[in-house]
Amino acid sequence: MDLTVHIGNLKLKNPVMTASGTFGYGEEYSEFINLNRLGAIVVKGISLEPMEGNPPPRICETPCGMLNAIGLQNIGLKRFLGEKLPYLRKFNTKVIVNILGNTIRDYIRLAQALEDERVDGIELNVSCPNVKKGGIIFGTDKKMLGRLISGVRKSIKKTLLITKLFPNTSNIHEFAKIAEDSGSDAISLINTIPAMAIDIEIWRPKLANITGGLSGPAIRPVAVRMVWEASRAVKIPVIGIGGTMNSDDAIEFMLAGATAIQVGTANFLNPKSTVEIIDGIEKYLKKKGINNIVDIIGALCYA
């Protein structure tokens, strides 16, 4: 049973990755699962300097999902390189670092530092505001997105570059094509969907930040549709994200065109969900008499 997939120049032992922000820096889950089983670990988003994030409450449960407004809290580049990356290198699993910034220069500095440390891949979080452009989100402006990706691509030579697309658009295929044309080796989608919840007893928002990002099974049909649209528009690999709770969900994404998937909210409910999904995919392929997982990528039937 061959579960191997390729994302750009990376060969993954299986298509199951973790989603940034839901798996810490990897070590937090090592007591629950064997990290060597995973295709790749995508760590919590990293900025140049540490960030405290938003005030609590920052998470609340919603029907079929959750809202979070963590605010990109992280330990910063220096501590990540000194404290977290050495631990991750103990495992035979690819390490992909999600990065975020307020200017293109921020992203370039992060990417160069990470390439110098020979990380396996970089994932651009384009759901951040560009402070020099009045707070416009990188991922919602086509020209700005193209400049960001091409700027980072020119600054690094060998490291895999993934762009994590923002879901608030009706033409995701166009943004996917811009990512491809600007030099991204792969795209991942979707990020959380902006949403809100209110406590009707006290008439206040459930999050101190008022709004947050919706994740979990509630967004999976939206994510599957966007993965399907994006995969038909580009030739580079697509990584599906959004409400993958079990192997059936993962297979649905792959049939829609995803080469790999990232598991996010499920990690909070069941810290063993990633390895259970890998086992479930193997069982599915065996049941279907399929020897190579690449045979199901984009194999959706229309009639």
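The values are calculated or read from the model by the stated rules, or taken from the named source; none is laboratory data. Here the structure is a predicted model, which is why all the values come from computation and not from measurement. Reconstructed Cβ throughout: ideal geometry from the backbone, glycine too, with neighbour counts over all protein chains shown.
The residues in the range 47-71 that are farther than 18 Å from Thr265 by Cβ and touching a helix residue (DSSP H, G or I) at 6+ places or on another chain (Cβ under 9 Å) can be counted, and the count is 5.
Annotation note: of Gly24, Gly8, the sole residue that is out of contact with any Gly (no Cβ under 7 Å at 6 or more places or on another chain) and free of Cβ contacts under 8 Å to residues at least 40 places away in the same chain is Gly24.
Against the condition surrounded by fewer than 20 Cβ atoms within 10 Å (Cβ to Cβ) and polar (S, T, N, Q), how does Ser215 come out, does it pass? In short, no. For beta carbons closer than 6 Å, sequence separation of 6+ or different chains, a first residue in the range 261-278 that is farther than 11 Å from Thr22 by Cβ and a second that is in a helix (DSSP H, G or I) and of a type in the set (Ser, Thr, Tyr), the qualifying pairs are Ile277/Ser247. Consider the range 185-238 and keep the residues that are in contact (Cβ under 8 Å) with a residue 60 or more places away in the chain, touching a Ser or Thr at 6+ places or on another chain (Cβ under 8 Å) and β-branched (Val, Ile, Thr). The one that is farthest from Cys64 (Cα to Cα) is Ile236.
Going through (1) closer than 20 Å to Ile277 by Cβ; (2) of a type outside the set (Phe, Trp, Tyr); (3) surrounded by fewer than 17 Cβ atoms within 10 Å (Cβ to Cβ) one by one, Arg204 falls short only on (1). Criterion applied to Ile290, Ile277, Ile239 was being surrounded by fewer than 16 Cβ atoms within 10 Å (Cβ to Cβ) and aliphatic (A, V, I, L, M), and the one residue passing it is Ile290.
Can you find a residue that is in contact (Cβ under 8 Å) with a residue 40 or more places away in the chain, among the charged types (D, E, K, R) and over 23 Å from Cys128 (Cβ atoms) anywhere in the range 289-303?
No; the residues of the range 289-303 include none that is in contact (Cβ under 8 Å) with a residue 40 or more places away in the chain, among the charged types (D, E, K, R) and over 23 Å from Cys128 (Cβ atoms).
Scanning the range 101-128 for residues that are in a loop (DSSP other than H, G, I, E, B) and either among the aliphatic types (A, V, I, L, M) or at pLDDT 95 or above (or both) gives Glu117, Arg118, Val119, Asp120, Val126. Among the residues of the range 78-102, those identified as of a type outside the set (Gly, Ala, Ser), buried (at least 18 other Cβ atoms within 10 Å of the Cβ) and in contact with a helix residue (DSSP H, G or I) (Cβ under 6 Å, 6 or more places away or on another chain) are Thr93, Val95, Val97, Ile99.
Scanning the range 143-178 for residues that are within 15 Å of the chain's Cα centre (by Cα) and either in a helix (DSSP H, G or I) or free of Cβ contacts under 8 Å to residues at least 24 places away in the same chain (or both) yields a single hit, Ala176. Among the residues of the range 66-87 satisfying the criterion of being farther than 28 Å from Pro56 by Cβ and in contact (Cβ under 8 Å) with a residue 24 or more places away in the chain, which is nearest to the chain's Cα centre (by Cα)? Selected residue: Leu85.
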